[in-house]
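As structure tokens, the structure follows; a few thoughts come after it.
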Amino acid sequence: MEHPSNTVVHTRLTADFPELAHLSREDLEDLLADPSYFQAIFHTLPQVKLLYQGQADLGSANENIAKNNLAFQDDLYRLRSETQEAFDKAKSLEARWKELEKEQREVYQRFDPQFLLMRLRHATIAQDDTSEARATAFVQGSALDPDPAGLTGKDIDDFVKEFRELRKTYHKRVMWSERWAAGDVAWRDD
């Protein structure tokens, strides 16, 4: 009869790990009780050896990748610097572009049809005010001077000539404004 301590135990453990099938129940109990014995057996298992080998291979591959990356480090820093310079220049040019667009809008605003119409209307009002002020000054100047000989024919002719030019300009502006309002003025965008 065999000694019970040397019998091989067939369990799920031995089915999953056939390398442990040769161990007796006492050896398995010792395996659980003694961490050093467990480590010694554990590290001899083919699955564990394979796992450690895979881990070592991955570590080696990572080390090679790190060395390759370090070989590119100087070039990458140079490229990073060049990229930053190009980005800064692009941002500077973008800001300059916005300034130029603003300046362009301000310049083109002077030629905008609505702005030109507004200027024409203001100029018409100003022309009317100027001619009326000149007429009022002439009338008041002659009213203050009781001497009828104070005004000569040349003074009157000069006033009429000046007043006529002022009113002519005023009426031209009124006429242009009326044509504009009637839609007879067309602005080209070229």
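Please tell me if VAL9 is modelled with pLDDT of 85 or more and touching a helix residue (DSSP H, G or I) at 6+ places or on another chain (Cβ under 7 Å).
Numbers: modelled with pLDDT of 85 or more: no; touching a helix residue (DSSP H, G or I) at 6+ places or on another chain (Cβ under 7 Å): yes.
Here the answer is no, as VAL9 does not meet what is asked.
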query = What is the residue count in the range 151-160 for residues that are surrounded by 10 or more Cβ atoms within 10 Å (Cβ to Cβ) and free of Cβ contacts under 8 Å to residues at least 12 places away in the same chain?
reply = 6
key: LEU117 being touching a residue at least 12 places away in the same chain (Cβ under 8 Å) and either open to solvent by less than 100 Å² (accessible area, probe 1.4 Å) or assigned to a loop (DSSP other than H, G, I, E, B) (or both)   = yes
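Would you point out which residue out of ALA186, ALA181 is at pLDDT below 90, in a helix (DSSP H, G or I) and aliphatic (A, V, I, L, M)?
Details: ALA186 fails: in a helix (DSSP H, G or I).
Among ALA186, ALA181, only ALA181 is at pLDDT below 90, in a helix (DSSP H, G or I) and aliphatic (A, V, I, L, M).
Based on this model, can you work out whether LEU70 counts as open to solvent by 80 Å² or more (accessible area, probe 1.4 Å), in a helix (DSSP H, G or I) and more than 30 Å from ASP157 (Cα to Cα)? Break it down into steps so the answer makes sense when it comes.
On the way: open to solvent by 80 Å² or more (accessible area, probe 1.4 Å): yes; in a helix (DSSP H, G or I): yes; more than 30 Å from ASP157 (Cα to Cα): yes.
So LEU70 passes the test.
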inquiry  = Take ARG25 and tell me if it is among the charged types (D, E, K, R), within 25 Å of the chain's Cα centre (by Cα), surrounded by 10 or more Cβ atoms within 10 Å (Cβ to Cβ) and farther than 30 Å from VAL174 by Cβ.
reply    = no
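Within the group THR152, THR83, THR124, which residue is closer than 22 Å to TRP176 by Cβ and not small (Gly, Ala, Ser)?
Numbers: THR152 fails: closer than 22 Å to TRP176 by Cβ; THR83 fails: closer than 22 Å to TRP176 by Cβ.
Sole residue among the options that is closer than 22 Å to TRP176 by Cβ and not small (Gly, Ala, Ser): THR124.
Evaluate the following for THR83: is it in contact (Cβ under 8 Å) with a residue 24 or more places away in the chain, assigned to a helix (DSSP H, G or I) and of a type outside the set (A, V, I, L, M, F, W, C)? Write out each step before concluding.
Working: in contact (Cβ under 8 Å) with a residue 24 or more places away in the chain: no; assigned to a helix (DSSP H, G or I): yes; of a type outside the set (A, V, I, L, M, F, W, C): yes.
No, not satisfied.
The values are calculated or read from the model by the stated rules, or taken from the named source; none is laboratory data. On a predicted model such as this, the values are computed, not experimentally measured, just so you know. Reconstructed Cβ throughout: ideal geometry from the backbone, glycine too, with neighbour counts over all protein chains shown. Heavy atoms of the whole protein, side chains included, go into the accessibility calculation; ligands, DNA and RNA do not. Shrake-Rupley method; radii C 1.70, N 1.55, O 1.52, S 1.80 Å.
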